[in-house]
2 protein chains.
Amino acid sequence: SMTSLSIEILEQPTRYHRFRYEKEVSGGKLGGLLYGRSEKSCVRVRVSNIDPLMQKSVTVIGGTVSPDLYPHPFFMVGDDCRSGTFQLKKDTDSLGGKTEFEISLEKVSLVCVLLRPPDKLQEAVNRRLAINFNPFNKDLTSMSSMYTARNLKPLRLAFQIFVTDYNDVTAPTSAAVYSEEIYDYKQEPRLGLYDLHPSSSEVPGTHDIWFYFDAPLSHTDCSQFSVHLVEDHNEHDNEAFLEAELRVKMAKKHLIVAEKPDLTELWQSANERLKCQVVIADKKNNIKDSRSFIVENPRPVKLGVYADEVLDDDLLGFLYDTNHQPEAKRLRESDRVDPQTSHVVAQLQQPSQPQSQPPVAQASAYPALDAFNLAAHHQLPGASGGSN
Amino acid sequence: SMTSLSIEILEQPTRYHRFRYEKEVSGGKLGGLLYGRSEKSCVRVRVSNIDPLMQKSVTVIGGTVSPDLYPHPFFMVGDDCRSGTFQLKKDTDSLGGKTEFEISLEKVSLVCVLLRPPDKLQEAVNRRLAINFNPFNKDLTSMSSMYTARNLKPLRLAFQIFVTDYNDVTAPTSAAVYSEEIYDYKQEPRLGLYDLHPSSSEVPGTHDIWFYFDAPLSHTDCSQFSVHLVEDHNEHDNEAFLEAELRVKMAKKHLIVAEKPDLTELWQSANERLKCQVVIADKKNNIKDSRSFIVENPRPVKLGVYADEVLDDDLLGFLYDTNHQPEAKRLRESDRVDPQTSHVVAQLQQPSQPQSQPPVAQASAYPALDAFNLAAHHQLPGASGGSN
DNA sequence: AGCACGGGAATTCCCTTGAC
DNA sequence: GTCAAGGGAATTCCCGTGCT
């Protein structure tokens with residue numbers, strides 16, 4: 001036909017993956033399954049424009065490549081995996097006349113290699129070179145020294161089509177595709193906010209609020225965190241609302257301390273108590289989290305948790321000390337951060353990961369290679385066969 | 001003479017040591033120096049009852065042994081170290097007529113071996129066997145399989161005397177001694193309390209207090225922590241004082257949350273504000289730490305941080321809600337924990353580490369061995385010579 | 001009961017801090 | 001400056017939890 005054999009990725013692999021070690025995926029276990037972007041889906045690819053007259057069968061081989069498309073030492077094990085690669089052969093007469101088919105990587109896990117001691121990495125690179133899966137025809141002369149502990153992640157998946165004609169001759173094709181980058185799961189930015197203390201306060205006065213994080217913060221640079229107190233937004237009102245910025249005084253591995261400012265001059269509510277959100281944001285990673293927070297106006301005064309009675313208005317006059325310099329300022333509505341429901345983590349935008357654009361796959365002459373000598377190489381350690 | 005050559009340890013090595021890896025002590029660096037029990041002192045041994053008529057020289061060799069006195073794969077580098085052992089030779093004619101001398105291990109570091117991959121440990125054990133320093137004549141037939149990642153620490157230092165006669169024949173002696181056990185520095189129990197929040201409160205009412213720890217807690221079992229509020233002790237008074245126990249509600253890796261009880265029924269002070277200590281103890285590890293804490297009695301009432309004026313006594317009558325069930329109880333004076341000055345860490349007692357008593361060194365026949373073939377073996381990797 | 005997931009312990013190494 | 005100490009990042013592994 002006019003259009004030639006092609007392959008595309010229907011479902012990209014998950015952006016963050018917990019790579020497992022060989023030791024963790026041995027003995028019938030898998031672990032570290034590779035999923036697709038959507039929840040619990042899996043990676044899917046489509047092969048199109050098959051010509052059953054020319055092609056007795058079509059084989060898709062998938063393996064790892066670096067962001068710039070060099071062969072990569074991490075490998076795949078699980079269903080339809082051999083020699084560290086995913087390999088699926090489809091006889092064209094099983095297509096029922098269709099010229100395309102889809103593949104799902106149902107039970108495939110992506111396995112990393114040891115970096116320590118350093119010769120383990122070298123061995124793994126050599127093994128990967130021996131597998132001879134180089135879909136983008138990269139120059140391999142410098143491959144054996146290009147990988148270090150620092151540049152093994154992120155990586156991509158690459159898929160290439162091999163065709164077998166009716167003389168049973170198998171040849172690689174230039175139909176190849178690569179996935180988006182797969183990062184280490186520990187790089188996924190998250191703000192593991194457990195709770196804050198105290199979770200309520202009064203309008204006047206300043207005091208510290210402590211934020212405890214179960215997960216260690218990715219940095220302890222106070223200026224890269226922001227804390228805002230925001231009145232819970234009721235759908236009906238577009239009018240003025242309370243918003244104040246809290247000064248971040250300290251950041252430790254699992255703790256942030258911020259100072260609640262005096263809110264007297266900002267207070268416009270007629271309510272005695274106002275439900276708010278405290279929104280804490282990591283500006284460096286563009287992530288935020290929030291918790292509900294109560295601000296009480298002592299009109300009528302409630303004396304902490306132990307006063308059940310109220311004072312009369314006459315008393316209030318001299319109870320207040322409004323000489324504080326409020327650090328909070330009233331923000332424009334457009335600056336307002338939408339309060340989160342409690343315990344919700346929101347991703348402001350994707351982190352700006354390095355996204356060097358790799359060169360387009362070339363259709364240059366493929367080195368003489370029988371696709372199936374892939375399997376002739378020694379089995380990778382731990383790369384036990386899948387369901388076949 | 002009647003009494004025979006003997007060796008004793010004058011200064012034991014530090015109980016907790018940060019063993020360094022070979023990679024950390026290479027290239028002229030030392031690091032991980034072994035110290036004595038006292039601050040910045042060093043290990044010292046004394047050789048006694050030397051007989052200059054029989055002994056042309058006396059050599060002390062020191063090396064590592066397990067708690068039960070088998071040769072141990074960790075090794076020593078630094079001044080006077082060769083082949084992973086400390087070796088010091090003393091000519092008896094340099095003693096000036098004395099029959100004893102002392103040795104200090106001034107610049108010696110104790111180096112650990114890699115456990116991963118497992119063959120590294122095996123190599124290290126084999127190297128240690130080749131060194132042939134076995135001062136307590138242990139049966140070595142099972143040595144090559146006795147060590148695992150789990151039983152390499154703690155360990156001991158052992159010192160043995162070798163003598164050289166006037167025919168220049170060197171022989172080991174049964175004069176040997178072993179040190180107390182040396183544990184890994186990470187096992188040293190400590191409570192890295194950074195601060196608590198809030199650090200003041202009022203007599204009535206209950207609320208949470210958060211304790212943040214820079215160092216991860218060794219466990220998160222609430223029942224194994226205790227928190228007490230103790231009135232600062234003035235030397236002059238043996239009379240009643242305030243003490244209350246706080247209920248520990250939650251323990252996380254870096255956080256403990258405890259609830260301050262209502263103190264109304266315990267309050268006997270005439271003071272408006274009482275300086276206290278909050279003492280937090282890890283009962284499992286017998287360590288505690290404390291911070292100062294202020295308890296204010298709202299008589300006259302101070303309304304948090306914003307009320308500069310006081311209420312008159314008439315008002316107080318209905319401000320109080322004393323229906324709380326105080327969880328605190330008045331303790332006997334003998335139960336009282338001495339308040340610590342702020343930021344002081346106190347060790348209640350030494351942790352109960354395993355202290356299996358090894359057998360006494362035996363004077364059995366020592367295998368034929370020239371002490372100085374120790375040095376004939378290949379240099380340990382990283383065991384660069386010291387100052388000689 | 002099996003098995004993948006996720007937490008976190010254990011191990012190794014690197015790099016800043018601090019003392020001289 | 002030198003270099004050991006200490007903090008903590010990076011790596012590897014183990015195991016409890018939860019789902020089927």
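The values are calculated or read from the model by the stated rules, or taken from the named source; none is laboratory data. Remember, predicted model here, so these are calculated numbers, not experimental data. Note that we place each Cβ from the backbone using ideal geometry, even for glycine, and neighbour counts take in every protein chain shown.
Within segment A:3-25, how many residues turn out to be touching a strand residue (DSSP E or B) at 6+ places or on another chain (Cβ under 6 Å) and either free of Cβ contacts under 8 Å to residues at least 60 places away in the same chain or away from DNA strand C (no atom under 15 Å from the Cβ) (or both)?
Summing the residues that are touching a strand residue (DSSP E or B) at 6+ places or on another chain (Cβ under 6 Å) and either free of Cβ contacts under 8 Å to residues at least 60 places away in the same chain or away from DNA strand C (no atom under 15 Å from the Cβ) (or both) in segment A:3-25 gives 7.
Filter segment B:205-221 down to residues that are out of contact with any Gly (no Cβ under 6 Å at 6 or more places or on another chain) and not in a strand (DSSP E or B) and give me whichever is nearest to DNA strand D (Cβ to nearest atom). Write out each step before concluding.
From segment B:205-221, those out of contact with any Gly (no Cβ under 6 Å at 6 or more places or on another chain) are B:206-212, B:216-221; that's our starting set.
Those left that are additionally not in a strand (DSSP E or B): B:206, B:216-221.
Numbers: B:T206: 30, B:P216: 10, B:L217: 14, B:S218: 15, B:H219: 13, B:T220: 12, B:D221: 13 Å.
In this case the residue turns out to be B:P216.
Give me the residue from segment A:116-150 that is assigned to a helix (DSSP H, G or I) and acidic (D, E) and, out of that set, farthest from A:I161 (Cα to Cα). I'd like the intermediate steps shown before the answer.
Taking segment A:116-150 first, the residues assigned to a helix (DSSP H, G or I) are A:118-131, A:143-146.
When the remaining residues are screened for being acidic (D, E), the result is A:119, A:123.
Working: A:D119: 33, A:E123: 27 Å.
My answer is A:D119.
Mind checking which residues of segment B:129-155 are within 16 Å of DNA strand C (Cβ to nearest atom) and in contact with a strand residue (DSSP E or B) (Cβ under 7 Å, 6 or more places away or on another chain)? I'd like the intermediate steps shown before the answer.
First, pick out the residues of segment B:129-155 that are within 16 Å of DNA strand C (Cβ to nearest atom): B:146-155.
If the condition is that a residue be within 16 Å of DNA strand C (Cβ to nearest atom) and in contact with a strand residue (DSSP E or B) (Cβ under 7 Å, 6 or more places away or on another chain), then B:K153, B:P154, B:L155 are the ones that fit.
How many residues does segment A:217-231 hold that are more than 14 Å from chain B (Cβ to nearest Cβ) and modelled with pLDDT under 90? Before the answer, list the steps.
So in segment A:217-231, the residues more than 14 Å from chain B (Cβ to nearest Cβ) come out as A:218-219, A:221-231.
Okay, now just the ones that are also modelled with pLDDT under 90, so A:218-219, A:221-224.
So the count comes out to 6.
Just need a number here: residues in segment B:151-174 that are surrounded by 15 or more Cβ atoms within 10 Å (Cβ to Cβ) and in a loop (DSSP other than H, G, I, E, B). Before the answer, list the steps.
Our first condition is that a residue be surrounded by 15 or more Cβ atoms within 10 Å (Cβ to Cβ); within segment B:151-174, this holds for B:152-164, B:170, B:172-174.
Okay, now just the ones that are also in a loop (DSSP other than H, G, I, E, B), so B:152-154.
Going through segment B:151-174 one residue at a time, the tally reaches 3.
Which condition does B:V125 not pass, out of (1) touching a Phe, Trp or Tyr at 6+ places or on another chain (Cβ under 7 Å); (2) more than 14 Å from chain A (Cβ to nearest Cβ); (3) β-branched (V, I, T); (4) within 11 Å of DNA strand C (Cβ to nearest atom), if it passes all the others?
That leaves (4) as the condition not met.
Having 1 or more residues that are closer than 29 Å to A:P216 by Cα and more than 14 Å from chain B (Cβ to nearest Cβ) is the bar; report the strands (runs of 3 or more DSSP E) wholly within segment A:240-288 that clear it. Walk me through how you get there before you give the answer.
Numbers: elements: A:243-251, A:255-260, A:273-282.
Ranges flagged: A:243-251, A:273-282.
Looking only at segment A:182-199, which residues are at the interface with chain B (Cβ under 10 Å from one of its Cβ atoms) and in a strand (DSSP E or B)? If you could, list the steps in order and put the result at the bottom.
Residues of segment A:182-199 at the interface with chain B (Cβ under 10 Å from one of its Cβ atoms): A:194-199.
Passing the criteria: A:Y194, A:D195, A:L196, A:H197.
Given the criteria on the phi > 0 side of the Ramachandran plot and more than 15 Å from DNA strand D (Cβ to nearest atom), does A:L34 qualify?
On the way: on the phi > 0 side of the Ramachandran plot: no; more than 15 Å from DNA strand D (Cβ to nearest atom): yes.
No: the conditions fail for A:L34.
When the residues of segment A:26-65 are narrowed to those that are among the basic types (K, R) and within 11 Å of DNA strand C (Cβ to nearest atom), which ends up surrounded by the fewest Cβ atoms within 10 Å (Cβ to Cβ)? Spell out how you get there, then give the answer.
Taking segment A:26-65 first, the residues among the basic types (K, R) are A:29, A:37, A:40, A:44, A:46, A:56.
Restricting the remaining residues to those that are within 11 Å of DNA strand C (Cβ to nearest atom) gives A:29, A:40.
On the way: A:K29: 10, A:K40: 7.
So the residue we want is A:K40.
Mind checking which residues of segment A:94-120 are charged (D, E, K, R), within 16 Å of DNA strand D (Cβ to nearest atom) and touching a Leu at 6+ places or on another chain (Cβ under 7 Å)?
Scanning segment A:94-120 gives A:K107, A:K120.
Could you check segment A:176-216 and list, in sequence order, the residues that are at pLDDT 95 or above, within 16 Å of DNA strand C (Cβ to nearest atom) and of a type in the set (A, V, I, L, M)?
Correct list: A:I182 only.
Is it fair to say A:D68 is over 18 Å from the mean Cα position of the chain (by Cα), within 16 Å of DNA strand C (Cβ to nearest atom) and away from chain B (no Cβ under 14 Å)?
Details: over 18 Å from the mean Cα position of the chain (by Cα): yes; within 16 Å of DNA strand C (Cβ to nearest atom): no; away from chain B (no Cβ under 14 Å): yes.
No.
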